[in-house]
1. Keeping the other protein chains in place, figure out the carbon and sulfur percent of the accessible area of the stretch 181-254, with a 1.4 Å probe.
2. Keeping every protein chain in place, order 252, 235 by accessible area at 1.4 Å, biggest value first, i.e. largest first.
3. In the stretch 102-254, if the dipole is taken from +1 on Lys/Arg beta carbons and -1 on Asp/Glu beta carbons about the Cα centre, which of 117, 226, 169 is farthest to the positive end?
4. Once phi is turned into ³J(HN,Hα) by the Karplus curve 6.51 cos²θ - 1.76 cosθ + 1.60 with θ = phi - 60°, what whole-Hz value does each residue of the stretch 99-111 show in order, with x for glycine and proline?
5. Using every pair of alpha-carbon atoms in the stretch 168-242, split the distances into 10 Å bins beginning at 0 and state the percent of pairs per bin, rounded to integers.
6. So, with +1 on the Cβ of K and R and -1 on the Cβ of D and E, and no other charges, what is the size of the charge dipole of the stretch 127-254 about its Cα centre, to the nearest 20 debye?
7. How do 197, 28 rank by accessible surface area computed with a 1.4 Å probe, from largest to smallest?
8. Determine ³J(HN,Hα), in whole Hz, for all residues of the stretch 23-36 in sequence, where each value follows from phi through the Karplus function 6.51 cos²θ - 1.76 cosθ + 1.60 and θ = phi - 60°; x replaces Gly and Pro.
Amino acid sequence: MSNPSTFRWTVAVGLVVLAAWSIGLGWLSGSFAYERDVLDKPVAIFVAMQVAAGAVYLLTLFALRRRPTTRGLLMLVITVGLLMRLAQLGAVPVLEDDYYRYLWDGAVTAQGHNPYAYSPEHVQQHAEGVPDDLRHLAGESGEVIDRVNHPWLRTIYPPTAQAAFTVGYWISPFDIQGLRLVWLGLDLVVVCLLIALLRGSSSPIFGLAIYWLNPLLIKEVFNAGHMELVLVVGLLAALLAAGRGLHNTGGLLL
């Protein structure tokens, strides 16, 4: 692929396919409802879609690397990546249930309780010492507390994650859509930090596409609801601070 027009068409087709993949994943996710047996879920179709998306992603990056990164192309990449994220806002998490813990922790923290004090099982069993309002909160949570995995364990998530879970609860109580909006806000911060890092190190701005178009990130964060963006923001901010000579600030951010 040495012809510039071939690169242009490869980028265009790749971006369209990646956007279509995310929309298709959102549509397919309806078949992955929690209560369905895993053998009744279209796992093979899901895996095939993920493999295909990964291949298209790599081919698109290959073509992008061989094109000059104009402002217009950068905005197109950002727009497509944003569409990929927005397509997951109403989706059912595929083969995932970690987010139920996030929803419960966020509710507990938002109500002014220590999320590390009691396991969900202690609350459900009305164990001695569990505050009455936590028991009431468990009732309000509906299916959420029943679906927390490893319910006999107290939460393992650090305070920075708990803060994000709490904001998600304030946006939409016991609803993964609240978490997804928090992740979207954090991801926009990640984009700004990446652009600053790439420009500060004189690296090609093309590097932003490696992160922003990654279908695995879309699946694991915006579909499944995983919380790693909380860590990514802190890590990138620490790198940016260190690159500007603010080593103490970078250490605190880490």
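The values are calculated or read from the model by the stated rules, or taken from the named source; none is laboratory data. What you see is a predicted model; the values in this text were computed from it and never measured. With ideal geometry, Cβ positions are generated from the backbone for all residues, glycine too; neighbour counts draw on all protein chains shown. We work out accessible area using only protein heavy atoms, side chains counted, and drop any ligands, DNA or RNA first. Shrake-Rupley method; radii C 1.70, N 1.55, O 1.52, S 1.80 Å.
1. Ligands and nucleic acids excluded, carbon and sulfur reach 71 percent.
2. I get 252, 235, largest accessible area first.
3. Farthest along the dipole direction, towards plus: 226.
4. In residue order, the calculated couplings are 5, 5, 5, 4, 4, 5, 4, x, 5, 4, 5, 4, 7 Hz.
5. 19, 46, 27, 8, 0
6. Using Cβ point charges on Lys, Arg, Asp and Glu, the stretch 127-254 gives about 660 debye.
7. Order by accessible area, largest first: 197, 28.
8. With coefficients 6.51, -1.76 and 1.60, one gets 5, x, 5, x, 5, 5, 4, x, 8, 10, 4, 3, 6, 7 Hz.
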